[in-house]
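Asker: Pasting a structure here, questions to come.
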Amino acid sequence: QVADWLALDDFFGNTSVPPCAVPVKPLKGSSGRGRRQKQRDLTPVPENSKAPPQKRAKLCAVDLPCAKLRQSRSQSQDELPWVERYKPETQNDLAVQKKKIEEVETWLKTHVFQRQPKQGGSVLLLTGPPGCGKTATLQILAKDLGLQVQEWTNPFSLDFTKEDLRNMFDHDSNFHTFPSQAQAALFQDFLLRANKYNKLQMLGESSENDKKLILIEDIPNQFYREPGSLHEILRRFARTSRCPLVFIISDNFSGDSNQRSLFPTEIVEELCIFNISFKPVAPTNMMKVLNRIAAAEASMNREKNYALERTSLELLCRGCSGDIRSAINSLQFSSMKDCSLEKEFWSKKKKSSTIKYEEAAVSKVRKKSKCDTSEDQEIQAIGGKDASIFLFHALGKIIYCKREAVSETESPQLPAHLSKHHRDTLLIQPEDIVEKSHMSGGMFNLYLHQNYVDFFSDIDDVVRASEYLSTADVLCSNWSTRLVMENLSASVATRGVIHSNTSRAFAHQQGGMGFRPLHKPQWFLINKK
């Protein structure tokens, strides 16, 4: 049938047949009239016809799908987020401390390749803030060591259709048609199967590569409400396991830590869970990654993106709080030429920086404080994350209370009878420190009250500081106004403790204290009892 109407040279671009002409095999039930109609539709147009002759196609009809496929592939590659496009491939690409990579690698080698036949369960817990390279480190090391990674992802029911809903609310239905199953049961089943059975050996694969690890990053929600059920599953796994199990948990800066609820100290000790804690990505490492990505994009897509200055990249690094994923996303957004919103942000930033340099004739302290505030505004303008400070770091900033000397001409002097209250200018804003610690004012006051005495050298100063802490406590004593008064209470407590410490009242008295350990409040233990 094809030979009846399609000549051989028509495959090679003959103008008599349009490229879209494709032979259609008639259906068994179709009539002869329909077949003749199709043949008439596919007959070549005669040369003396009035219809304009078709131009020679640039691509052969056979090559057309391939070209479209290549074009769609390159287009989809361009549309990928930069986080995916430039994800690390080797250990050198990781923006993680070398020491942490070595720790994870040593643990994997010990519990995979040097594992004893009767050895119990091996559980590794990777913790750290979001975007610090926990998952990327594990995946790259697994690839380098030739390990298969079997990852658990929380399932969701896809087979629940409209018909199921109709049947459920049918007159004869007794509501037993839900196709769902508890996530905890599915999780337990996954652990059992992943632990018990080896992967099927495919054609061309070597039988040596049967080492594997199980990765859990997406923990079922039920375990947050009932951690005990997770502990039971882990105990069972520890008795029967044949491969290591790795949990990855991202910290948050607020008080409720998932790690503490899911993996309390007693479970960690009982199951010998090894914890490796990652730190936020250092600005120097982040700058290297951002420079590499910016250079690669500038060489490939000059018409779509524009290159950012070094100062802009440094601001990006500072504003992302050590989260490299957030930094790369911000870099992609900031580099787009057709993004009018970000253009306004950058222009505002540049204007503010020019104003800042024009006003350089002010005193040193004022200039420094202006730089700090404008810097914070620029970070927020670029789309960075909320700045966070670890709790003990925030406490240190309050207790050590660094100051800068100010000459008499630059600051108004107190009258003689108040001269004992004179202090050099603080380099911090206590209210900002409390806010960035992501703790309530009352909780921050507890930590301050537990640790302030070790940093005082005069008993009279301690008396004054304790009076301020007592006043702060009274401000929060009424439960109905506690939420409103907490910020004021934290302000009174922090500024009172700072002001009371006369041994650190001036900039020249800052040194000589050395490191002092900080402790959690005894109030927790007493309240528990």
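Asker: Working only within segment 87-146, note down all residues that are within 19 Å of F274 (Cβ to Cβ), in contact with a strand residue (DSSP E or B) (Cβ under 9 Å, 6 or more places away or on another chain) and free of Cβ contacts under 8 Å to residues at least 12 places away in the same chain.
Answerer: The answer is Q139, and nothing else.
Asker: Next question, about the same structure. Hey, E467 hits all of (1) within 30 Å of the chain's Cα centre (by Cα); (2) open to solvent by 70 Å² or more (accessible area, probe 1.4 Å); (3) of a type in the set (D, E, K, R) but one; which does it fall short on?
Answerer: Just one mismatch for E467, condition (1).
Asker: Can you list the helices (runs of 4 or more DSSP H) found entirely within segment 347-438 that contain at least 3 residues being at pLDDT 55 or above and in the same structural domain as S491 (by the TED database)?
Answerer: Hits in segment 347-438: 391-400, 430-436.
Asker: Okay, moving on. Identify, please: which residue in segment 513-529 is touching a helix residue (DSSP H, G or I) at 6+ places or on another chain (Cβ under 8 Å) and in a loop (DSSP other than H, G, I, E, B) and is, among those, farthest from F455 (Cα to Cα)?
Answerer: By that ranking, first place goes to Q522.
Asker: Of the conditions (1) open to solvent by less than 70 Å² (accessible area, probe 1.4 Å); (2) over 18 Å from V462 (Cα atoms), N527 satisfies every one except a single condition; which number is it?
Answerer: Answer for N527: the failing condition is (1).
Asker: Next question. Identify all residues within segment 77-93 that are in a loop (DSSP other than H, G, I, E, B) and modelled with pLDDT under 85; write none if there are none.
Answerer: L80
Asker: Another question, if that's okay. Does segment 261-284 include one or more residues that are surrounded by fewer than 17 Cβ atoms within 10 Å (Cβ to Cβ), over 20 Å from the mean Cα position of the chain (by Cα) and at pLDDT below 85?
Answerer: The answer is yes; a qualifying residue exists.
The values are calculated or read from the model by the stated rules, or taken from the named source; none is laboratory data. Owing to the predicted nature of the structure, the values given are computational and were not obtained by experimental measurement. Every residue, glycine among them, receives a Cβ derived from its backbone with ideal geometry; neighbour counts consider all protein chains shown. Accessible surface areas use protein heavy atoms only, side chains included; no ligands, DNA or RNA. Shrake-Rupley method; radii C 1.70, N 1.55, O 1.52, S 1.80 Å.
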